[in-house]
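Here, each number is a calculation from the coordinates, and none is a lab measurement. In this text the structure is predicted, and so the values were computed from the model without any measurement. Here the Cβ positions follow ideal geometry from the backbone for every residue, glycine too, while neighbour counts run over all protein chains shown.
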Amino acid sequence: MEEEVKRGMTRERQQERRAAKSSNVVWHAPNVTREMREARNGHKGAVLWFTGLSGSGKSTLAHAVEERLHAMGCHTFVLDGDNVRHGLCSDLGFSEADRVENIRRVAEVAGLFVQAGVLTLTAFISPFRRDRAQARRLLGDDFIEVYCAAPLEVCEQRDVKGLYRRARAGEIADFTGVSSPYEPPEKPDIIAPTGEESLEHCVNLVVDWLAGHGVIRPEGGR
Ligand SMILES: Nc1ncnc2c1ncn2[C@@H]1O[C@H](COP(=O)(O)OP(=O)(O)OP(=O)(O)O)[C@@H](O)[C@H]1O
Ligand SMILES: [Mg+2]
């Protein structure tokens, strides 16, 4: 088992493997390892998991952080809620079961990006603690929860996509914050005060955290 963990198959993954439908599948260990990729990149792979209400600034902040990291020479990719729902998760709706499956798939894909040594940023409302906890279990220490802390009133005032107005008019079912709950993180790794501070302030906060925790070097990657 230790050997399997070393080869990049976490304990969580082994348990899932046992529960999976396909049994005749054997894990193939890569020749080019995550460690080799990270050494070449000059930074670690990790997942910055942005969570918060619609309009709290997940996409805006994730893309701005990515832009900064990219300029610093880091390898990055953003998995954004709406974009993923155009393809990978286009078969899913917004029922509770579909939201759970949406987050599970995103966590799985983010995990593959981490194995590729990429700093991965995900921007999903991910309203339920249980689902974020599942993502954390799957990704282990690679999971960095970033809470975009903007109050509902601010998000509703912004109403970037006009969705709050439509939800209040009863045109959208299960809309987070209006007709479906949002469970704020209890112990997020980073709290970005996106409701009151500037975008630049929030970008600095995230990038400084990454440097402070040894995910990136202060001077960036290569
Ligand atoms: N500090 C900040 N960080 C991020 N966004 C901010 C900040 N201050 C103001 N904003 C504004 O808040 C809005 C956030 O919209 P954005 O689309 O990023 O939200 P979202 O959380 O991705 O929503 P959704 O879940 O609907 O995709 C933008 O108009 C952005 O300019
Ligand atoms: Mg968004």
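Principal-axis analysis of the Cα atoms of the chain puts helix 96-115 at an angle of about 40° to the longest axis. With everything on Cα atoms, drop me the angle between helix 58-71 and the longest principal axis of the chain, reported from 0 to 90° to the nearest 10. In the chain, helix 58-71 runs at an angle near 40 degrees to the longest axis. Note on Asn31 and Leu112: with the Förster distance fixed at 22 Å, the Cβ-Cβ geometry gives a FRET efficiency of about 0.85.
Taking a virtual spin label 7 Å from the Cα of Ala173 along the C-beta vector, which residues in region 81-123 bring their backbone nitrogen under 11 Å of it? So the set is 94-96. Applying both filters, DSSP loop and at most 11 other Cβ atoms within 10 Å, to the GluC sites (Glu not before Pro) of region 183-222 gives Glu186, Glu196, Glu219.
Here the 3J(HN,Hα) profile of region 74-81, calculated from phi with Karplus coefficients 6.51, -1.76 and 1.60 at θ = phi - 60°, is 8, 8, 9, 7, 9, 9, 10, x Hz, Gly and Pro shown as x.
A straight Cα-to-Cα reach below 16 Å connects Lys187 with the aspartates and glutamates Asp131, Asp141, Asp142, Glu145, residues fewer than 8 places away in its own chain not being considered. Summary value for the chain: 30 percent relative contact order, contacts being C-alpha pairs under 8 angstrom separated by 6+ residues.
Among the GluC sites (Glu not before Pro) within region 88-179, those in coil by DSSP and having at most 14 neighbouring Cβ atoms inside 10 Å are Glu171.
Within the listed set Ser126, Ser198, Ser22, the Gaussian network model of the chain (springs between alpha-carbon atoms below 10 Å) gives the highest mean-square fluctuation for Ser22.
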